[in-house]
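The values are calculated or read from the model by the stated rules, or taken from the named source; none is laboratory data. The structure presented is a predicted model; accordingly, all values stated were derived computationally and were not measured. Glycine also receives a Cβ, built like all others from the backbone with ideal geometry; neighbour counts cover every protein chain displayed.
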Amino acid sequence: MIEIFTTGGTIDKVYFDANSEFEIGDSLVGELLAESNIRDGFSVTGLMRKDSLEMTDEDRDAVRNAVSRCPAEHVVITHGTDTMAETARALLSVKGKTIVLTGAMQPARMRRSDAAFNIGFAWAAARLLSHGVYIAMNGEVFEAGSVRKNLKAQRFERT
């Protein structure tokens, strides 16, 4: 069983106009997994709907508490990419679980999004990796505490 927690971020953004007005919408994680023929073995819990730049230390505590309390050994967290590395570091104190954070550079609702791939990749990573905290983005896995987002290149890299 994989517990999936959603926190918002670009993966769940809904854009309303050409001026980039947006809000965080309902998560499409369940739909994306169903399209990949994964229909059971997981549950999805929405924790918050925030752009990661708006996440606070209290929000990270809420994520850590939810992960700590859930009975699942394998956890996937969808998260905005800008502060994903900070939340991953905040989860390092959780032991006995494989925790994988993922997100998208383009919203899942857009035709050319990396969301479906990243969700599937995070799913596989959560099932295959040993206990610890990881970021799985665009075909690479990074250990928490040794990764950062390169804003200019729009990708994650080891520190």
### Query
Residues in region 11-31 that are modelled with pLDDT of 90 or more and not in a loop (DSSP other than H, G, I, E, B): how many?
5
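For residues in region 91-102 being part of a strand (DSSP E or B) and among the polar types (S, T, N, Q), which is surrounded by the fewest Cβ atoms within 10 Å (Cβ to Cβ)? Let's see the steps before the verdict.
Filtering region 91-102 down to residues part of a strand (DSSP E or B) leaves 98-102.
Applying the additional criterion that residues be among the polar types (S, T, N, Q) yields 98, 102.
Numbers: T98: 20, T102: 31.
In this case the residue turns out to be T98.
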### Summary
Of the candidates G80, G41, the one satisfying the condition of being farther than 21 Å from F142 by Cα and not aromatic (F, W, Y) is G41
### Query
Mind checking which residues of region 104-156 are on the phi < 0 side of the Ramachandran plot and surrounded by fewer than 12 Cβ atoms within 10 Å (Cβ to Cβ)?
R111, R112, L128, S130, N150, L151, K152, A153
### Summary
Filtering region 127-150 down to residues that are in a loop (DSSP other than H, G, I, E, B) and either within 17 Å of V63 (Cβ to Cβ) or touching a helix residue (DSSP H, G or I) at 6+ places or on another chain (Cβ under 6 Å) (or both) yields A144, G145
### Message
Quick check on my filter: what residues within region 103-126 are of a type outside the set (S, T, Y) and part of a loop (DSSP other than H, G, I, E, B)?
### Response
G103, A104, M105, Q106, P107, A108, R109, M110, R111, R112, D114
### Task
Mind telling me which of the residues D82, D114 ends up being without any contact (Cβ under 8 Å) to a residue 60 or more places away in the chain, among the charged types (D, E, K, R), out of contact with any His (no Cβ under 9 Å at 6 or more places or on another chain) and within 17 Å of G8 (Cα to Cα)?
D114
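Go through region 32-90 residue by residue and tally those that are polar (S, T, N, Q), assigned to a helix (DSSP H, G or I) and more than 12 Å from the chain's Cα centre (by Cα). Give the steps one after another, and end with the answer.
As a first pass, look at region 32-90 and keep what is polar (S, T, N, Q): 36-37, 43, 45, 52, 56, 65, 68, 78, 81, 83, 87.
If we keep only those that are assigned to a helix (DSSP H, G or I) as well, we get 52, 65, 68, 87.
Within this subset, residues satisfying the condition of being more than 12 Å from the chain's Cα centre (by Cα) are 65, 68.
Number of matching residues: 2.
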### Task
Write out, first by first residue and then by second, each pair whose Cβ atoms fall under 8 Å of each other, whose residues are 6+ apart or on separate chains, and whose first residue, in region 52-69, is at negative phi while the second is loosely packed, with under 13 Cβ neighbours inside 10 Å and of a type in the set (V, I, T).
A66/T45
